[in-house]
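The structure appears right after this line, and notes come after that.
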Amino acid sequence: MSDNPTILPPLLNPLPQGERKLVKSPFDSNNRSNFDPLSRGERKPFEFLGSILKNPSNEYIEKAVENGAIPIGYTCSCVPTVMLSAGNLLPVSVRAPGISGTETADSYMSSVTCSYVRSILEFALDGRYDFLQGWVFASGCDHLRRLWDNTRCLVKPSFNYILDIPHSTSPAAFDWLRIELAKFRKALEEHFKITIDDRSLSSAISGHNENITILKTIGDMRKLPDPPFSGGDFLRLMLAVSVLPGNIARDLSLDFLRKARNQEGLKGHRARLLVTGGRIDDPAYIDAIESQGGLVVADRFCTGSMPSLSPIDTSCDPMTAITKHIFEKTDCPRNMGDLNGRIGRVIETAGEYKVDGIILQTIKFCDMWGVESSAMSRALRKVGMPVLRLEREYRMGGEGQLKTRVQAFIESMGK
């Protein structure tokens, strides 16, 4: 990874043909990225993203492993992925693309646990995540803790770690999390026989900030009256970079940015929408919303862009900076004392992106968002913001009903 952040040209200027730089990677013997979607002749500008997301693994993870990378799966945005990027560690967001059922997992987990954790356990029991050399969880909710329990007992990975994260962002909670992260670093070092010193963490932070700069530039294009890409394609990008080595993710993002700058803006949408709520791993959900004339121009959920696209402070020691970053980027209902803050940030985002309405979606049986969504929807409606509440399963289903409700919502706004 380059030590110097890329200085991108102004937002609306096309990237000069020769400006695209390749990132050095310890996983590539030629010290160059092998990613070149432009050579694949896609029929659509961003079609290549879908192939990366079809399976839990992909060809770039496999190539990295061949060159010495250690893939570590993680399940929550509270997990410090920058620590899993130090040295030859490789963070991989755990998803269950194309899941058709959870019959085996249902034998071990309660029927009232959310379908995300049951889907992940189903894939794990089916061997779909055997390529991982470790798992990292965060105690974000009881359902994730039960997933940790079951993987520990049934899958038995050699490294299976759960971070104990606080319920608030108080000074005491900050100190607690910093101690937890220090224990986590020691556990990684001892198990994988590696050294994660301040120098390697600083290098990982530099790579993170470089990638975030590019993604943030892309995300800001959604503020345009006619963005050059859909909300579904932007989610595909965000999901793809979470399952790729850092150098490949950077090149992919630069290619996406170059294509976006050369694309005409999308026209004909009836309403600009913000989607918030629970985790979304399937871009088809956003595609279904947009098929009814809505354009998703902003998102606030843990696999989306806000508040994930924030750089890590480089003015303090790496461990303090990483702790601070987790506090700032995690906008989860687990933080019990910040409901008004989360509502305020949704309202602020809606104004910044000139949103016409908000879709508040939750996964069925999610305790965190099940409580949060009621209070949030009332508060948003109180300030005059149109809100559509949706409950769903982790896997895509009921597409016809979803489209009907979105169409009615857009029409209710007079669009």
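The values are calculated or read from the model by the stated rules, or taken from the named source; none is laboratory data. If you're wondering where the values come from, they're calculated on a predicted model, not measured in any experiment. All Cβ positions, glycine included, derive from the backbone under ideal geometry; neighbour counts span all protein chains shown.
For the stretch 329-359, how many residues are touching a Pro at 6+ places or on another chain (Cβ under 6 Å) and within 15 Å of VAL275 (Cβ to Cβ)?
Qualifying residue count for the region: 2.
Taking the stretch 213-250 only, how many residues are of a type outside the set (A, V, I, L, M), within 24 Å of TYR353 (Cβ to Cβ) and assigned to a helix (DSSP H, G or I)? Lay out the reasoning, then the answer.
Narrowing the stretch 213-250 to residues of a type outside the set (A, V, I, L, M): 213, 216-217, 219-220, 222-223, 225-234, 236, 242, 245-247, 250.
Narrowing the set further to residues that are within 24 Å of TYR353 (Cβ to Cβ) leaves 213, 216-217, 219-220, 222-223, 225-234, 236, 242.
Restricting the remaining residues to those that are assigned to a helix (DSSP H, G or I) gives 213, 216-217, 219-220, 222-223, 231-234, 236.
Count: 12.
When residues of the stretch 343-375 are filtered for being polar (S, T, N, Q) and within 20 Å of ALA288 (Cβ to Cβ), how many remain?
Residues that pass the stated criteria total 3.
Condition first: more than 23 Å from ALA96 (Cβ to Cβ) and surrounded by 15 or more Cβ atoms within 10 Å (Cβ to Cβ). Now tell me which residues in the stretch 395-412 satisfy that.
Those that are more than 23 Å from ALA96 (Cβ to Cβ) and surrounded by 15 or more Cβ atoms within 10 Å (Cβ to Cβ): ARG405, VAL406, GLN407, PHE409, ILE410.
Output the number of the condition that THR195 fails; it satisfies all remaining conditions of (1) of a type outside the set (A, V, I, L, M); (2) farther than 25 Å from LYS354 by Cβ; (3) assigned to a helix (DSSP H, G or I).
(3)
Determine if the stretch 196-204 includes at least one residue that is touching a helix residue (DSSP H, G or I) at 6+ places or on another chain (Cβ under 9 Å) and within 23 Å of ILE52 (Cβ to Cβ).
yes
Determine which single condition GLY127 fails, assuming it passes every other condition in (1) among the small types (Gly, Ala, Ser); (2) surrounded by fewer than 18 Cβ atoms within 10 Å (Cβ to Cβ); (3) touching a residue at least 12 places away in the same chain (Cβ under 8 Å).
GLY127 satisfies all of (1) among the small types (Gly, Ala, Ser); (2) surrounded by fewer than 18 Cβ atoms within 10 Å (Cβ to Cβ); (3) touching a residue at least 12 places away in the same chain (Cβ under 8 Å) except (3).
Of the conditions (1) of a type in the set (A, V, I, L, M); (2) in a helix (DSSP H, G or I); (3) closer than 24 Å to HIS208 by Cβ, ILE280 satisfies every one except a single condition; which number is it?
(2)
Just give me the residues in the stretch 210-265 being in contact with a helix residue (DSSP H, G or I) (Cβ under 9 Å, 6 or more places away or on another chain) and of a type in the set (Ser, Thr, Tyr), in sequence order.
Hits for the stretch 210-265 are THR217, SER230, SER242, SER253.
Could you grab the pairs with beta carbons closer than 8 Å, sequence gap of 6+ or different chains, first residue in the stretch 341-352 and among the small types (Gly, Ala, Ser), second one buried (at least 19 other Cβ atoms within 10 Å of the Cβ) and at pLDDT below 90?
Matching pairs, first to second residue: none at all.
So, in the stretch 393-414, how many residues would count as being in a loop (DSSP other than H, G, I, E, B) and touching a residue at least 24 places away in the same chain (Cβ under 8 Å)? Lay out the reasoning, then the answer.
Just the residues of the stretch 393-414 that are in a loop (DSSP other than H, G, I, E, B), to begin with: 393-398, 413-414.
Filter again for touching a residue at least 24 places away in the same chain (Cβ under 8 Å), leaving 393-396, 413.
Adding up the residues that qualify gives 5.
From the set of residues in the stretch 201-227 that are under 22 Å from ALA288 (Cβ atoms) and either touching a Leu at 6+ places or on another chain (Cβ under 7 Å) or without any contact (Cβ under 8 Å) to a residue 24 or more places away in the chain (or both), which is surrounded by the fewest Cβ atoms within 10 Å (Cβ to Cβ)? Full working, then the answer.
Applying the first criterion (under 22 Å from ALA288 (Cβ atoms)) to the stretch 201-227 yields 219, 222, 226-227.
Remaining after also requiring either touching a Leu at 6+ places or on another chain (Cβ under 7 Å) or without any contact (Cβ under 8 Å) to a residue 24 or more places away in the chain (or both): 219, 226-227.
Values: GLY219: 23, ASP226: 11, PRO227: 25.
Of everything passing the filter in the stretch 201-227, ASP226 is surrounded by the fewest Cβ atoms within 10 Å (Cβ to Cβ).
Can you find even one residue in the stretch 251-264 that is closer than 18 Å to SER85 by Cβ, in contact with a Phe, Trp or Tyr (Cβ under 9 Å, 6 or more places away or on another chain) and either part of a helix (DSSP H, G or I) or of a type in the set (S, T, N, Q) (or both)?
yes
Please find, among GLY397, GLY384, the residue that is among the small types (Gly, Ala, Ser) and on the phi > 0 side of the Ramachandran plot. Quick ask: steps written out before the conclusion?
On the way: GLY397 fails: on the phi > 0 side of the Ramachandran plot.
Checking each option against the conditions leaves just GLY384.
Of all residues in the stretch 69-123, how many are part of a loop (DSSP other than H, G, I, E, B) and of a type in the set (Val, Ile, Thr)? Give the derivation first.
We begin by selecting, within the stretch 69-123, every residue part of a loop (DSSP other than H, G, I, E, B); these are 69, 75-82, 86-88, 94-104, 108-114.
This time we only want the ones that are of a type in the set (Val, Ile, Thr), so: 75, 79, 81-82, 94, 99, 102, 104, 112-113.
So the count comes out to 10.
Please work out which one of (1) within 24 Å of MET368 (Cβ to Cβ); (2) crowded, with 23+ Cβ neighbours inside 10 Å; (3) in contact (Cβ under 8 Å) with a residue 60 or more places away in the chain; (4) touching a Leu at 6+ places or on another chain (Cβ under 9 Å) is the condition SER119 fails and give its number.
For SER119, the failing item is (4).
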